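Written out below as structure tokens is the structure these notes cover.
Nothing in this text is a laboratory measurement; each read-out follows from the coordinates by a stated rule. No experiment lies behind these values; they were computed from the predicted model shown. Neighbour counts run over all protein chains shown; Cβ positions are idealised from the backbone, glycine included.
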Amino acid sequence: MALASAATDSPIQTTSETNDNNLQTFFVLHKASSRKSEKRSTGTGKTRRRIDLSPSSPKKTDKSEAERAEEWDERRYEHLRMEAFELVWSRIDLTIKDVLRGINTNVLNEIHSWVCESFNAIKSFGTLGFAEATRSFPIVAAATCKRLFTGLILTKNMEFVDDLLTFEELGLSLRSHGCHVANLSSMDFSAKNGIGGCLRGFLRQFLTTTLDAADISILASWYREQDNHDSPVVVIIDDMERCCGSVLSDFILMLSEWVLKIPIIILMGVSTTLDAPRNILPSNVLQRLCPSKFILGSPAERMDAVVEAVLVKQCSGFSVGHRAAVFLRNYFLNQDGTLTSFIRALKIACAQHFSMEPLSFILGDLLVEEKQKGEKICLLPEVILKHASQLPSYVRNQMADQTAKSLVHGFSELKRLQKCWSIVVLCLYEAGKCNKIRLLDLLCEALDPDLYISRASNNHVELDKDSGLGMASDRCKRRKYSTFQKGGIISQIVRKVRDLPAVMLYQLLKSWENITVDILEIHEKLKELQSVLRFEDGKLKQNVDDISKRHSSWSPLNIEKDSKAINEKAATLLDCLVRDYLRPMECIPLHEIVCFKNVEKLQLALIGDPRRRIQVDLLEFYKILQCSCCSKSGNVLLPSMHDTSVMYTLAQEHGDLINLHDWFQSFKTVVLQPSTKGKHKSKQSPLSKKRKHKYESENKSEASIQARFCRAVTELQITGLLRMPSRRRPDCVQRVAFGL
Amino acid sequence: MDIDNGVEEEEEEEFGFSRNYFLAKELGGSGKKSACKLSDIDLVDEQELRAAASNIEPKHEKEVVALMNSYRILYPKWVFELRCGFGLLMYGFGSKKALIEDFASTALTEYCVFVINGYLQSINIKQVAISLAEVLWDQLKTKLATTSGNLPKVQQPFSSRSMDDLLAFLNGSQAQDKDCFICVVIHNIDGPGLRDSETQQYLAQIAACSCIRVVASIDHVNAPLLWDKKMVHTQFNWCWYHVPTFAPYRVEGMFFPLILAHGNTTQSAKTAAIVLQSLTPNAQSVFRVLAEYQLAHPDEEGMPINNLYTICRERFLVSSQVTLNSHLTEFKDHELVKTKRHSDGQDCLHIPLMTEALEKLLMEIRQ
């Protein structure tokens, strides 16, 4: 980080003098520098600017050519990594969207056909004459004609964040079928803005100009002017339960009056039960609705689909290590439970990977040049190759020759192994499906390098040197292995295969055949199994067909025995696949380039914990400041400590109310206590002189102690750890946080 | 396995929390409650207190500077993450204003940086959006000028557009270049002026715009409660950074009353700004005349009413004594102004604020 070290020359001004900007509510700090285009073309703009700006600093002018070149390289590679991130993430993003769309296709089609039916029903109420249609008030009609067709979409999910995208998709899909669509959210139905604000937001989606007066008749005339008369107006409200009931009622009543002029159909997202409308709308409004219900896929389903596409099939080549996967799973289960948060966590992991791993840009190249067989890697400069060959996983493998060719080979090997791994995981998942195994749990186990090692050692397969954790003690391995044997998900699945009924086993083998089609060696094995089965008994096929169609002529006992043998064979194959091919990412050389492992960084960036951390900052400030004066004190408060820390530590001894007088007195005692090291570290005068000085400033120090007390209270108030005295208790402040 | 551990830990934590709470309650109610009054402390004069407060000798100055400098190695990473589309959220004890502004002015020179001081009392979010739109418009103009593209017409000045239009503009696709964004620095996004949910919603909507990246700081331990999941995950898209600085909250604490100062007067310094901002421009100007007089004549007891009336007439601020009196009544009701009988017998008006506070107040209402 040459850049950063260059920047440390001028310390940050902590004591910024009160300038005007501090009192402006907002201001422009600086405009974008115009050298941007230059930087684009040369890639050096920034570094050079730095040097230009401070020619007085001797350090920078002394910079050798080599250093400059290094800096230049650093900028260039950062740029490459940025590009690689954009490429990789856009691919992941696209995949996720596709997967989610795929899950919703059926429901979306269902909704569309319902919309068409409803529209036809509205039209069947009769067409309007010209005079009627152009009048700017609704038509008087029978109550039956005033009903609004309403689709209630059950999201099966308390967290509506996950469904935002679904409703957006729904809007897009209906629009693509020619409907006029408005997407509204509970924000539009707030009590504060009332029906006027709601209507304005609604009209905004159709009319290009902003209106001062919101009036539904404008929409009616707009609709009449449309070329596309033959399509309904669909209003989508994504989280109906959060809307203000009265505003929503008014909205519905109004729309129902106009339904003959503007064929409006409502779609509402409901996260609880079908009772929801009854809870927030009065009965006269409910009468105006003509509801139907649709059901979206469950969050768990979506989660599995996303994990499968992104982390198992590895659409982008980017992957996560075992600990990162475990963290992601726990974060999903314990913290948030939304798919959105999971995807965000994945994005942060991805960004962190590309910002920290210097070689990660190669992943971008790998993606682009899938067909060119790594030609570009051959072109990489010597430095990078050297860097790559120093990766721990590579060194462990002792691939001594550092040529580009061996690296290219390494990458293709990496890809192959990754592919095999993902295929085995998919096979396992397929087998575990009927057992309701969650893919995320399976993934965590499949990524565990320890399990891999123990599997390998147990089967007396030669242990690869690169497996990374070779030095782990044998005992540890054995323990791990036993957990794998007993409770592990993989072993559970293998066991289940043994008990699978014949029909399902047949289907399973079929699906395995599809999954493994890309990797010849695995596919062969499967074919082998299938052929053996066929060979052993021309009955298997017959068996399956028979069982499903008619009673077979075979005695049940016989069938059972045969199928048992088949099950056993399938289980053995699966076991074999697991042993030979389920090689976790972290056990493959060069994995550092594509695999994110730094869980701690991810956790810190993802989960801020201000409540705890700010208190810890105050109570253990010396650990952060690393000053020599306060760190050895133990639990004793020293006058040299940060005032606010002293105050907060003192506050811990009080109850929920802190008497200001007592607090001040104890603060004063701490601050004034004679210390052997000298009270103010800045004063290095002899002791006698200091004492004299102290007497002189007796009066002044009282004021300064009070001022320091005040400031510390203010700072605690800013952090929200204190509440100010109320009128009722003017002498006490209130503690807010208890315990970390 | 891990999950169970996690759950157990959580339970443990929760138990610890409630135990602490009840222990604290017990301590408070166990009769040990001190009856000492604040007034038992030998409080120094407020002026002296304020003087002392502005000259507090900093502790650990060297270490604080070293700590702040140690964060500089993170700058490239922060820029990287901003470019990836994340927002940065800085937390930890100590003022992070200097740190963030240093980051912005050294590492973000390629981007326009717009600063919002959330610690101030009165922030008009609409004004913020208008200025942001203007800044973006400027940026697009210069950009298109260099690439000789043609400008889309602005149909309407930004100041008269609705919030939705402004947001749509900021989110617009005019900038094809992904790397063309305005970096919005929000000091104390949990500050008193931004704390209400409507403002936070708008901030979230602004943060979600394609041309905006946000770097914000929080100080309040409960700040995350301001945001729901939609805001956190899809709009702000925070990357958290724990960057305690232990720097004094100098500017941030400016408007907090000193707890040992005698309540009313200091309180009014804070409230004065709020009250004044709710008054008409004319009333504000009358107040300004009075304040400027007081600043110019610090030794006098106050401004004679006649004097004030004459000046206000000259500046067309009031048309008659009656209107002036109505303004003055309003001021007096809010304790912005006090009347004193001057030694020569006439009534004088003065503002019960320290010179320094008065200057700040004038600055506040000037915007």
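At-a-glance table
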item: Integer Hz, Karplus 6.51/-1.76/1.60 couplings in order for segment A:572-589, x for Gly and Pro; result: 5, 4, 4, 4, 5, 4, 4, 5, 8, 10, 7, 9, x, 2, 5, 9, 10, x
item: Full-stretch length increase - B:Ser319, B:Glu356 - with 0.36 nm per residue and alpha-carbon distance subtracted; result: 10.2 nm
item: Lys pairs, segment B:263-366 - Cα-Cα below 19 angstrom, 8 or more residues apart or on other chains; result: 4
item: Exposure proxy order (Cβ contacts within 10 Å, fewest to most) of B:Ser319, B:Ser343; result: B:Ser343, B:Ser319
item: Whole-Hz couplings from phi, Karplus 6.51/-1.76/1.60, listed for segment B:305-311; x for Gly and Pro; result: 4, 4, 4, 4, 4, 4, 4
item: Residues whose placed amide H lies under 5 Å from that of B:Ile212, excluding near-sequence neighbours; result: B:Ile182
item: Ranked by how many other beta carbons lie within 10 Å on average, peptides B:294-305, A:183-194 from highest; result: A:183-194, B:294-305
item: 10 Å Cβ neighbours from other chains, averaged over peptide A:609-619; result: 6
item: Sequence of A:Trp512, B:Trp227 once ranked by neighbouring C-beta atoms within 10 Å, starting from the fewest; result: B:Trp227, A:Trp512
item: Total formal charge among the other residues, if their Cβ is under 15 angstrom from that of A:Leu602, Lys/Arg +1 and Asp/Glu -1; result: +2
item: Burial ordering of B:Glu356, A:Glu430, B:Glu252, fewest other beta-carbon atoms within 10 Å first; result: B:Glu356, A:Glu430, B:Glu252
item: Net charge of neighbours whose Cβ lies under 9 Å from the Cβ of A:Phe709, counting Lys and Arg as +1 and Asp and Glu as -1; result: +2
item: Over 22 Å between alpha carbons, listed pairs A:Lys419/A:Lys510; A:Lys97/A:Lys347; A:Lys496/A:Lys564; A:Lys347/A:Lys436; A:Lys156/A:Lys347; result: A:Lys347/A:Lys436; A:Lys156/A:Lys347
